[in-house]
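Right, one structure below, let's go through it.
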Amino acid sequence: MSAMRNSNWDRRTVLRAAMGLAAAGGLAACGGNNGRGGGSGSGKNLVQYFHAYGEQGTEQAIKRYAKAYKDANVSTQWITGENFESKLFSALLTDKAPDLFEFHPQIQLIRSGQVADLTDIIDPVKDDFNQADIASHTVDGKIYGVRMIDDPQFFFYRKSLLEKANVEVPQTLDELIEAAAKLTTDKVKGLFLGNELDPIARPLIWAAGADTLDEKNEIAYHTDGVREGLVKLRKLFTSGDLLLGAPTDFWDPSALNQGLTAIQWCGMWAMPAMQEALGDDLGIFPFPKVTDTGKPSVYNGGWSMFVNAKSKNVEAAKEYVKWLWIDQKEYQEDWSLSYGFHIPPRTSLAESADKLKSGLPAEGVKLFNEYGHFDNIGFTQAMLDAVEDVLGDCVRDNGDPEAALDKADGKVNRELKKLFG
Amino acid sequence: MSTITRSGVSRPAPAKAPRGRSRRGLRGNPTANFWLFTGPFLIGLALFVYVPIGWSLWLSFFDARFTVTPSEFIGFENYQYMLTNDDFVGSLITFTVFAAFIVPTTWAFSLSLALLVNRLRFMQAFFRSVFFLPTAVSYVAAALIWKMSIFSGVRFGLMNTVLGWFGADGIAWLASPDPPWYWLVLVTVRLWLQAGFFMILFLAALQNIPQELYEAAAIDGAKRGRQTFWYITLPQLRATSTAVILLLLVQAYQAFDEFFNLLSNATWGRPPLVELYYIALGENQDYGAGSAGAMILTLLICVVTLLQGKFLGFGRGDESK
């Protein structure tokens, strides 16, 4: 053994070093796998990315619309899991990127040349769109996405539980915290803001009379009102009246439907499922004002179709978007109203949508119109993430709100500097 | 001390080798054989490990936002950004805390399991398999089970049900870093997943310890149990222990799945890989800064591994004594 040692030594060292680096290399090799069937080849094969909608029948519907299109073969990637944006962003860097995808309007997609200009297909019907939706997709006069659905987010509550606890619908954040305390029993928690509180980051800012960014694209969320709101939320978080660690997150109606909470932050999409489970025992209200100068707020989220500017089939993809999301009103109506409830961004469709004209859905539309805040295209995913981290740092963790806001400022300013100079 | 690998099977081999070699001419060239056998592996290694590492190194000197083929050279700016980034430096601390928990715990737990299973006279294969099975479970699946059923924050979560029997209030295990209940979730899930695998390694090493040593010790008056464990078993397991600790450390460095799934949107408890994921592949899409972070991390792992090898003697093998 020892006689062979010298000659073996080099090879072993080589292999050992290689193995060592291989172990370390696992770090570098950690990349996005966008396993995706057929597509980018010749002719008109289009691939579209959708995040997984929770409502029954949505995936089948999207595939049904695609099948009805004759000019191209459109295949759908239904992306499950919670990090749709990460998967989408990394896929967009590869040559296996989708030709078209749904997302929210965010300027970095435009600045990095990842989404195509859709002005020519939207322009003829521009006036039939909710003008706020057009504005939120416009940069320098060009429109980059076609809004499919508007999804207002607000609080849903069980009327019977509030009555039993003798609680009025909260008008301020203080009243909301008080209500949560009164509604909490050993079986039911008073309030559910999502497991990670992230959906209320923006509504809190708006309800405190602030905004994410101002018109000059500078930070507008760092105000005394927002700080006050954060301090109050910390009190709520530690009170034990908040439902935390629930099996489903805020976007799923289960927490309210199954009686885990009396009030839940959720979206209009879940309204049909809640009505089915709870009947008339259901009400809604906006995020209550945080300070005296604030105003109740609703987040008018939603999803839009974008075309990948680097796709080999940009024109074909644009044709498909035009065909489905501009021309096919029947499908647009089906998509907006047959599964979850969404407000159609097309004025003509919204006006003819009988399902949204009475009862609770009509109240939802009213909140959308009265208190709604649309996306700001200059406020990107990275900035949103930084602002959501504020809730992590000083509401879920016991950090100083001012320090948390300063930390977010640093990150947001770095983004703003890169995007707007 | 050098008896571990030479006992039994391996001893006759060197004596036969020269004759075999002269008979088969083609295999006479050790260099050709070396490349023949390691070639495919090395090609794969180069393609899937070294090229990405090289690319990362290149990217780390560029302003690479939303692209992996950047053009703006910015020197060490990314490195400066990462080293002054509290989140990244914090993640290295998170990792250190995690490693300090998980490495000794897994080591001790898998060794005890191995000792227990090794003493079984019947059903040994059954228990060996039962403890080994969790190794086959994916980290993501296990993390989801831990998150949604065992450590769920609602009153009917398994742990909260148990707490309820004693009249205690339910705990939202993963909601807040204060008190740091999330470490309990993280450490237990990894322990459950890993212990079985390392138990098998220890079991193999235990069965390789020559029985003569124990017999000789018994004749010399050593008591079974603590004494033989401390002076025979443990020293004989030195090589395996060192390897296990090294593997555990590397795996702790690579921790990602369970942190990512258990602590979504948390600003605490992010190990380096999760932090880098958020910087490079997540919302930020900053491949330059992400690559700089990966380089710093790779360098750290290399240094730690070399130091560990120096102090614990991994790789020197048995010849060193």
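The values are calculated or read from the model by the stated rules, or taken from the named source; none is laboratory data. Worth saying up front: this structure is predicted, and the values here are computed from it rather than measured. Please note: Cβ atoms are built from the backbone with ideal geometry, for glycine as well, and neighbour counts cover all protein chains shown. Each accessible area value is taken on the protein alone, full model and side chains, heavy atoms only, with ligands, DNA and RNA left out. Shrake-Rupley method; radii C 1.70, N 1.55, O 1.52, S 1.80 Å.
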Q | Gap separating the Cα centres of the stretch A:337-392 and the stretch A:139-176, nearest whole Å | A | 9
**Q.** Sequence-separation-based contact order of chain A, relative, with Cα cut under 8 Å and 6+ spacing, percent
**A.** 23
Q) Do any of A:Lys96/A:Lys310; A:Lys67/A:Lys329; A:Lys289/A:Lys366; A:Lys70/A:Lys322; A:Lys318/A:Lys366 go past 22 Å between their Cα atoms, and which? A) A:Lys318/A:Lys366
Q. For chain B, modelled as a Gaussian network with Cα springs under 10 Å, which listed residue fluctuates most, B:Thr305, B:Thr69, B:Thr242?
A. B:Thr69
Q: Evaluate peptide A:91-100: per residue, the Cβ atoms of other protein chains within 10 Å of its Cβ; return the mean as an integer.
A: 1
Q: Could I get the Rg over Rh figure for the protein assembly as shown? Both from C-alpha atoms, Rh via Kirkwood, rounded to two places.
A: 1.03
(Q) Below 14 angstrom from the Cβ of B:Leu59, what's the summed charge of the other residues (Lys, Arg +1; Asp, Glu -1)? (A) -3
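If you rank B:Met123, B:Met295, B:Met159, A:Met305 by how much accessible surface each has, with a 1.4 Å probe, what is the order from largest down? Show your work: numbers first, answer last.
On the way: B:Met123 100, B:Met295 30, B:Met159 60, A:Met305 0 Å².
Descending order: B:Met123, B:Met159, B:Met295, A:Met305.
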Q: Place +1 on the Cβ of every Lys and Arg and -1 on the Cβ of every Asp and Glu in chain A, take the dipole about the Cα centre, and give the residue among A:Leu384, A:Thr80, A:Gln332 whose Cα lies farthest towards its positive end.
A: A:Thr80
Q: Please give the net charge around A:Thr261, taking every other residue with its beta carbon less than 15 angstrom from that of A:Thr261, where Lys and Arg add +1 and Asp and Glu add -1.
A: +2
Q) How would A:Asp280, A:Asp406 line up by accessible area, probe 1.4 Å, largest first? A) A:Asp280, A:Asp406
Q) Hey, could you pull the Cα Rg and Dmax for the stretch A:88-208, both in Å? A) 20.9, 59
Q.
On a straight-distance basis, which lysines could pair with A:Lys407 in a cross-link, Cα separation under 17 angstrom, same-chain partners fewer than 8 positions away excluded?
A. A:Lys417
**Q.** Two-decimal Rg to Rh for chain A - Kirkwood Rh, Cα set
**A.** 1.04
Q: May I ask for the equivalent-ellipsoid semi-axes of the stretch B:80-312, computed as the square root of five times each C-alpha gyration tensor eigenvalue and listed largest first in whole Å?
A: 37, 26, 14
Q. What whole-number value in Å² describes the accessible area per residue of the stretch B:80-312 for a 1.4 Å probe?
A. 47
Q: Sticking to Cα atoms, compute the Rg of the stretch A:285-366 to one decimal and its Dmax as the biggest Cα-Cα distance, whole number, in Å.
A: 17.0, 54
Q) If you roll a 1.4 Å probe over the heavy atoms of the protein chains, what accessible area per residue do you get for the stretch A:37-147, in Å²? A) 41
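Roughly how many Å² is the accessible area per residue of the stretch A:171-230, as a whole number, for a 1.4 Å probe?
Computed with neighbouring chains in place, this is 39 Å² per residue.
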Q. In the Gaussian network model of chain B, springs joining C-alpha atoms below 10 Å, which of B:Val189, B:Val140, B:Val51 carries the largest mean-square fluctuation?
A. B:Val51
Q: Give, as a single signed number, the net charge of other residues whose beta carbon lies under 14 Å from the beta carbon of B:Ala142, with Lys and Arg counted +1 and Asp and Glu -1.
A: 0
Q | Computed accessible area, A:Ser90, all protein chains, 1.4 angstrom probe, square angstrom | A | 20
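In units of 2.2 N^0.38 Å, what is the alpha-carbon radius of gyration of the stretch A:349-419? Walk me through the intermediate numbers first.
Values: Rg = 18.2 Å, N = 71, 2.2 N^0.38 = 11.1 Å.
That ratio works out to 1.64.
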Q. Averaged over peptide B:168-179, how many Cβ atoms belonging to another chain are found within 10 Å of each residue's Cβ?
A. 5
Q: Quick one: which residues, 5 or more positions from A:Phe192 or on another chain, have an amide H under 5 Å from its amide H? H modelled 1.01 Å from N in the peptide plane, none for Pro or chain starts.
A: A:Leu243, A:Ile263, A:Gln264, A:Trp265
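If you restrict to DSSP beta bridges whose two residues both lie in the protein assembly as shown, what percentage is antiparallel, to the nearest 5? Kindly include the intermediate steps, with their values, before the conclusion.
Details: 28 of 45 bridges.
Given both bridge residues lie in the protein assembly as shown, the antiparallel proportion sits at roughly 60 percent.
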Q. Largest first, what is the accessible-area ranking of A:Tyr157, A:Tyr65, B:Tyr139, B:Tyr231 with a 1.4 Å probe?
A. B:Tyr231, B:Tyr139, A:Tyr157, A:Tyr65
Q | Heavy-atom accessible surface that B and A bury in contact, both chains counted, 1.4 Å, Å² to 100 | A | 4700
Q | Rounded to the nearest 20 debye, dipole of chain A from Cβ charges on Lys, Arg, Asp, Glu | A | 1800
Q.
Connecting C-alpha atoms closer than 10 Å in a GNM of chain B, tell me which of B:Gly90, B:Gly288, B:Gly170 has the biggest fluctuation.
A. B:Gly170
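Averaged over B:39-45, how many beta carbons belonging to a partner chain fall within 10 Å of each residue's beta carbon? Let's see the in-between values first.
Details: counts 0, 0, 4, 3, 0, 1, 6.
The per-residue average across the peptide is 2.
As a test of the formula, what do you get for the protein assembly as shown when each DSSP H run with n ≥ 4 contributes -39,500 (n - 2.57) and the sum is divided by the residue count, at 222 nm and rounded to the nearest 500 deg cm²/dmol?
Numbers: 32 runs with 366 residues, N = 742.
It lands at -15000 deg cm²/dmol.
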Q. Tell me, which residues of the stretch B:269-288 get at least 10 Å² less accessible area when the other protein chains come in, versus the chain alone (1.4 Å probe)?
A. B:Arg270, B:Leu273, B:Tyr277, B:Leu281, B:Gly282, B:Glu283, B:Asn284, B:Gln285, B:Asp286, B:Tyr287
Q.
At 1.4 Å probe size, with the rest of the protein present, what percent of the exposed accessible area of chain A is carbon and sulfur atoms?
A. 48
